[in-house]
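**Q** Take a look at this one; I'll ask things after.
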Amino acid sequence: MDIGNRIRKLRLSQKRTLQDIADGSGFTKSLLSKIENGLVMPPVATLSKIAKTLGVNVSSLVEVGKNMGAIFTPAEKITISDEIKSASGYTFYPIASDHLHKKMQPFIFHARLGEVVKHEVSHEGEEFLYVLEGEMKFKVGSIEYTLKAGDSLYFDSIENHGVTPISKEVCYLDIFVD
């Protein structure tokens, strides 16, 4: 089941209208309809606001949980073909997607020079990111950080934030905590 279908299923199970979710998340009814119908893949920050309005975490929208125990993800399982492409131009892959009721929501992000649309997002929670490959600028509030492989950043996600690749591609681990 795709993300739009999960959102629709959750919304309908709560007997809520598109307008209810639009009012709660701050997005238009039209955008939510496009998301539910698979016409738009929103950034993770948008999914975070929709998830909060629905009373779930982001992983409930992007992952199908089946397990409460340890989840092993071999490196070869993380492939570009399984990544989700956002409307902002980056791709992401949810890690430990089989784990139910996670408190942390780990993702691998790929941002490619020339593909990422300049944007800033904000949502509730905290984030920790760790650059695996490449170099990027990451703005949090009014401060722009330059991060390269091995660098990390921890911040309050309510601050406006956004990524701009410097190298041809940057790959980083981003862990969200609601």
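**Q** Just add up the charged neighbours of Tyr130: K/R +1, D/E -1, any other residue whose Cβ is under 13 Å from the Cβ of Tyr130. Before the final figure, lay out the partial values.
**A** Details: positive: Lys148; negative: Glu127, Glu133, Asp151, Asp174.
For residues surrounding Tyr130, the net value is -3.
**Q** If you keep only loop residues by DSSP, which trypsin sites (Lys or Arg not before Pro) in segment 107-173 have at most 14 other Cβ atoms within 10 Å of their Cβ?
**A** Filter output for segment 107-173: Lys118, Lys168.
**Q** Right, something else. Compute, for the chain, the length of the dipole vector about the Cα centre, with Cβ point charges of +1 (Lys, Arg) and -1 (Asp, Glu) only. Units Debye, rounded to 20. The partial results should precede the final answer.
**A** Details: 21 positive and 23 negative charges, 150 e Å.
Dipole size: approximately 720 debye.
**Q** Say a paramagnetic label sat at a point 7 Å from the Cα of Ile166, along Cα to Cβ; which residues of segment 92-125 have their backbone N under 20 Å from it?
**A** The answer is 109-120, whose backbone nitrogens lie closer than 20 Å to the label point.
**Q** Once the Cβ-Cβ distance between Phe128 and Lys34 is put in as r, and R0 is 45 Å, what FRET efficiency do you end up with, to the nearest 0.05?
**A** On the way: r = 31 Å, r/R0 = 0.68.
With a Förster radius of 45 Å, E is 0.90.
**Q** Give me the number: length gained by fully extending Asp156 to Gln19, i.e. 0.36 nm times residue separation minus the C-alpha to C-alpha distance, one decimal in nm. Numbers along the way, then the final one.
**A** Details: separation 137, 0.36 × 137 = 49.32 nm, distance 2.85 nm.
Gain on extension, Asp156 to Gln19, equals 46.5 nm.
**Q** I've got another one for you. As a test of the formula, what do you get for the chain when each DSSP H run with n ≥ 4 contributes -39,500 (n - 2.57) and the sum is divided by the residue count, at 222 nm and rounded to the nearest 500 deg cm²/dmol?
**A** Per the formula, -6500 deg cm²/dmol.
**Q** Using the Kirkwood formula on the Cα atoms of segment 78-165, what hydrodynamic radius do you get, in angstrom to one decimal?
**A** 13.9 Å
**Q** Enter the per residue convex hull volume of segment 118-178, computed from alpha-carbon coordinates, in Å³ rounded to the nearest integer.
**A** Taking the convex hull of the Cα positions in segment 118-178, it is 66 Å³ per residue.
**Q** Restricting the count to DSSP beta bridges whose residues both fall in segment 1-151, what percent are antiparallel, rounded to a multiple of 5? Spell out each step's value before the answer.
**A** On the way: 12 of 13 bridges.
If I count the DSSP bridges inside segment 1-151, around 90 percent turn out antiparallel.
**Q** Would you mind listing how long segment 103-144 runs along its three principal axes, going by Cα atoms, in whole Å with the largest first?
**A** 33, 24, 16
**Q** Can I ask one more? Regarding the chain, what whole-number volume in Å³ per residue does the convex hull of its Cα atoms give? Let's see the in-between values first.
**A** Numbers: hull volume 20.7 nm³, N = 178.
Dividing the Cα hull volume of the chain by its residue count gives 116 Å³.
Every number in this text was worked out from the coordinates using simple rules, so none of it is lab data. This one's a predicted model, so the numbers in the text were calculated from it and none came from an experiment. Counting neighbours? That spans all protein chains shown, and the Cβs are built from the backbone with ideal geometry, glycine included.
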